[in-house]
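Before any comments, here is the structure.
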Amino acid sequence: MDRFLFLTLDGLSRGAVYAAFALSLVLIWRAARIVNFAQGAMAVAAAYVAYSVSTATGSYWLGFLAALVAGLLLGALVDVAVMRFVDHRSPLNPVIVALGLVLLIQAVLGMLYGNEFRPVGTPFDRGALTVGGLALLSPYDLFVFLAVAVVVVALAWTFTRTAVGLRMRAAAFAPEVSRLLGVNVGGMLTLGWALASGVGALAGMLVIPTELGLHPHAMDLVFVSAFTAAVVGGLDSPPGAVVGGLVVGLLLSYVSGYAGGDVTSLAVLGLLLAVLLVRPGGLFAPVTARRV
């Protein structure tokens, strides 16, 4: 029972990070109808900015803030300098460009920083707190939960309670009508890219210290898990991304704890395949009538 509780808490902690990263994928999909396969590489680039700033100043929090700012700017730059010039008549074109961005970003990071793993510190202790001899969450796990919760609440408030959020939603779902109503659709799209990249940078800063360390390919496996979480919840559903992230985190924790870490990748791919076969739109996708 103690082992099951520990694996559950550990899975929820990991799942919170996957939820944040899946949320960044959902933001891009809702804004531009693009699955941004470069999201992981962009998050690593922001993490390297944090590494450089922290190394130069000795302050983790300055590096953390620099990563978030770098993520916002990189997302806006990718939209303005790259994605805006892609022919979107074929859905495959943005995918190919995003995959090209992955190779470009990883190559540049490798040339600038090398391909060795670099240790990344955390602002709080990662040792589990014990209550009555039972190991529970660590202070760092609590920080992860708090950071992800703040992001989810802030995004929900932005998209439902602010004029900017309403303009972003309108620009995503009805761009032609939005232009006629005076909405700067291009600006809203760039803002969506910036927010998604910023959330991805946050997820990268939270998860990289728990992995082997900082590396140009540090987010590759995380991207697979987060993409699975987004598909499980539904690419059109921000709440689904959160639920999907927690589900994937629990799955990985249980599988690694009871069956070994060698089969965790198979478990994630099996979950992805099952959802695509049973409910391709995701668990939180609206039910639509089919014409016959």
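The values are calculated or read from the model by the stated rules, or taken from the named source; none is laboratory data. This is a predicted model, so every value here is computed, not measured. Cβ coordinates were reconstructed from backbone atoms using ideal geometry, including for glycine residues, and neighbour counts include every protein chain displayed. When the accessible area is computed, the model is the full protein with side chains, heavy atoms only, and any ligands, DNA or RNA have been set aside. Shrake-Rupley method; radii C 1.70, N 1.55, O 1.52, S 1.80 Å.
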Quick one: pull the percent of accessible area on segment 22-216 belonging to carbon and sulfur, 1.4 Å probe, ligands and nucleic acids left out. 70
Among 24, 239, 162, whose Cα projects farthest towards the positive end of the dipole of the chain, with charges put on the beta-carbon of Lys, Arg (+1) and Asp, Glu (-1)? 162
Find the relative contact order for segment 22-216 and round it to a whole percent, using C-alpha pairs within less than 8 Å whose residues are 6+ positions apart. 40
What is the ratio of the Cα radius of gyration of the chain to 2.2 N^0.38 Å, with N the residue count, to two decimals? 1.01
Other-chain or far-sequence residues with amide H under 5 Å of residue 214's (modelled H): 118, 120
In nanometres, the difference between 0.36 nm per residue of separation and the alpha-carbon distance of residue 2 and residue 174 is 56.8 nm
Tell me which trypsin sites (Lys or Arg not before Pro) from segment 32-97 have a DSSP coil assignment and no more than 15 other beta carbons within 10 Å of their own. 33, 89
Keeping all protein chains in place, calculate the accessible area per residue for segment 1-160 (probe 1.4 angstrom), answer in Å². 50
So, with +1 on the Cβ of K and R and -1 on the Cβ of D and E, and no other charges, what is the size of the charge dipole of the chain about its Cα centre, to the nearest 20 debye? 960
State to the nearest 20 debye the size of the charge dipole of segment 87-191 about its Cα centre, where the only charges are +1 on K and R beta carbons and -1 on D and E beta carbons. 340
At most 14 other C-beta atoms within 10 Å and a DSSP loop state: those are the exposed chymotrypsin sites (Phe, Trp or Tyr not before Pro) I care about. Give me the longest piece of the chain that has none. 125-292
Compute the helix-to-body angle for 264-278: its Cα long axis versus the longest principal axis of the chain, expressed 0 to 90° and rounded to tens. 40
On a 0 to 90° scale, report how tilted helix 60-81 is relative to the longest principal axis of the chain, with both axes built from alpha carbons and the result rounded to the nearest 10. 30
So what's the angle, to the nearest 10 degrees on a 0 to 90 scale, between helix 238-258 and the longest Cα principal axis of the chain? 30
Give me, ordered by chain and number, the residues 5 or more places off residue 234 or on other chains with an amide H under 5 Å from its own placed amide H. 283, 284
